[in-house]
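See below for the structure under consideration.
The values are calculated or read from the model by the stated rules, or taken from the named source; none is laboratory data. Given the structure is predicted, the values throughout are model-derived calculations rather than measurements. A quick note on method: Cβ atoms are made from the backbone with ideal geometry, for glycine too, and the neighbour counts reach across all protein chains shown.
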Ligand SMILES: C[S@@+](CC[C@H](N)C(=O)[O-])C[C@H]1O[C@@H](n2cnc3c(N)ncnc32)[C@H](O)[C@@H]1O
């Protein structure tokens, strides 16, 4: 029998990072159940609506989901779906199903997360027909791969890998027909912040080196050196979750810098307060009527401590640098 690997501090740290996937999913489940946005698929990943979340948290998730989707959909439309998407640290995200329903599926949609997170996701897909049917419908041959650790179909692929191990990531993506020649959208939503700066920098650099025409969308913390930011770090620390990459989250400039230093041609960043004010205001007015918000200042502070940074390179001259809010 093989000797068991000793349990180390870094295993505990990785476990805490993996647990953040449940936080994101339960918050999205709750906000969508309240009507902030429609997500008919998330219920198959988290059955119960769970504990009530504060209105400012729901509005924060609304801004995050709408903001990221705005840029993602703009990229897919710009490329007329002749592109691929790679969701890095996708967790239990349901974007694949939304894009299929909206006729916006890219040629192939890839997701990467730790193997244990991926096996949970695949188990749900295997056992819930509303999740598996759209994958089968978009698959043309009998070669669909669906085992405990990976899923590969014509249009959707889920890979278990550690994003800090670039050569393994690259190898697995290529094994599943990643095409470096296609315009590619990379998405990381609350993921890079859990990686040490040299590791996230390697990942961002790998993306710039691998694709000649691409866009990277990164949603995560910003303005983390002020008092509010420090409290956010301490709260997570209490749950043994270290924001190892917080250094890149000091300002909008430091967020842009990480892309401009690693081979990306163009980068923009906005805090979520600004993005919230640029979202379609009739829909913002609709969600603001859903729940009474007492803590307007807290919402503002929260939104000022998250951002979306997006970077592009555009050898095919598609006009990617014009994609914005
Ligand atoms: C806060 S969750 C966000 C999940 C999803 N992006 C969303 O917004 O709903 C962070 C995710 O990143 C994944 N992650 C973090 N570091 C990773 C790494 N080194 N390799 C693979 N996945 C990682 C975690 O397992 C987790 O699922």
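Things worth noting here:
- If the condition is being touching a strand residue (DSSP E or B) at 6+ places or on another chain (Cβ under 7 Å) and farther than 17 Å from residue 191 by Cβ, then region 77-95 contributes 83, 84.
- Conditions (1) buried (at least 16 other Cβ atoms within 10 Å of the Cβ); (2) not in a helix (DSSP H, G or I); number of the one not met by residue 229: (2)
- Some residue of region 85-99 being more than 18 Å from residue 22 (Cβ to Cβ) and more than 16 Å from the ligand (Cβ to nearest atom): no
- Odd one out for residue 46, checked against (1) under 30 Å from residue 312 (Cα atoms); (2) in a loop (DSSP other than H, G, I, E, B); (3) in contact with a helix residue (DSSP H, G or I) (Cβ under 7 Å, 6 or more places away or on another chain); (4) within 13 Å of the ligand (Cβ to nearest atom): (1)
- Any hit, region 262-275, residues being exposed (fewer than 14 other Cβ atoms within 10 Å of the Cβ) and either under 30 Å from residue 197 (Cβ atoms) or modelled with pLDDT of 95 or more (or both): no
- Qualifying residue in region 155-167 (condition: more than 10 Å from the ligand (Cβ to nearest atom), modelled with pLDDT under 95 and either surrounded by 18 or more Cβ atoms within 10 Å (Cβ to Cβ) or not in a helix (DSSP H, G or I) (or both)): no
- Selection status of residue 179, more than 9 Å from the ligand (Cβ to nearest atom) and within 21 Å of residue 119 (Cβ to Cβ): no
- Restricting region 15-41 to residues that are in a loop (DSSP other than H, G, I, E, B) and surrounded by 15 or more Cβ atoms within 10 Å (Cβ to Cβ), the residue that is nearest to the ligand (Cβ to nearest atom): 39
- For region 222-260, a residue qualifies if it is touching a residue at least 60 places away in the same chain (Cβ under 8 Å) and touching a strand residue (DSSP E or B) at 6+ places or on another chain (Cβ under 6 Å), and exactly one does: 222.
- Condition check for residue 198: in contact with a strand residue (DSSP E or B) (Cβ under 8 Å, 6 or more places away or on another chain), more than 12 Å from the ligand (Cβ to nearest atom) and at pLDDT 95 or above: no
- Residue pairs whose Cβ atoms lie under 8 Å apart, separated by 6 or more positions or on different chains, with the first residue in region 123-139 and over 19 Å from residue 103 (Cβ atoms) and the second surrounded by fewer than 17 Cβ atoms within 10 Å (Cβ to Cβ), are 123/148; 125/146; 126/146; 132/126.
- Looking only at region 100-120, residues that are touching a residue at least 60 places away in the same chain (Cβ under 8 Å), more than 12 Å from the ligand (Cβ to nearest atom) and closer than 16 Å to residue 172 by Cβ come to 2 in all.
- Restricting region 1-14 to residues that are within 16 Å of the ligand (Cβ to nearest atom) and exposed (fewer than 13 other Cβ atoms within 10 Å of the Cβ), the residue that is modelled with the lowest pLDDT: 8
- Single unsatisfied condition, residue 73 versus (1) touching a strand residue (DSSP E or B) at 6+ places or on another chain (Cβ under 6 Å); (2) part of a helix (DSSP H, G or I): (1)
- Criterion violated by residue 185 - all others in (1) farther than 23 Å from residue 105 by Cα; (2) touching a strand residue (DSSP E or B) at 6+ places or on another chain (Cβ under 8 Å); (3) more than 13 Å from the ligand (Cβ to nearest atom) satisfied: (1)
- Restricting region 294-318 to residues that are at pLDDT 95 or above, assigned to a loop (DSSP other than H, G, I, E, B) and in contact with a helix residue (DSSP H, G or I) (Cβ under 7 Å, 6 or more places away or on another chain), the residue that is farthest from residue 209 (Cα to Cα): 305
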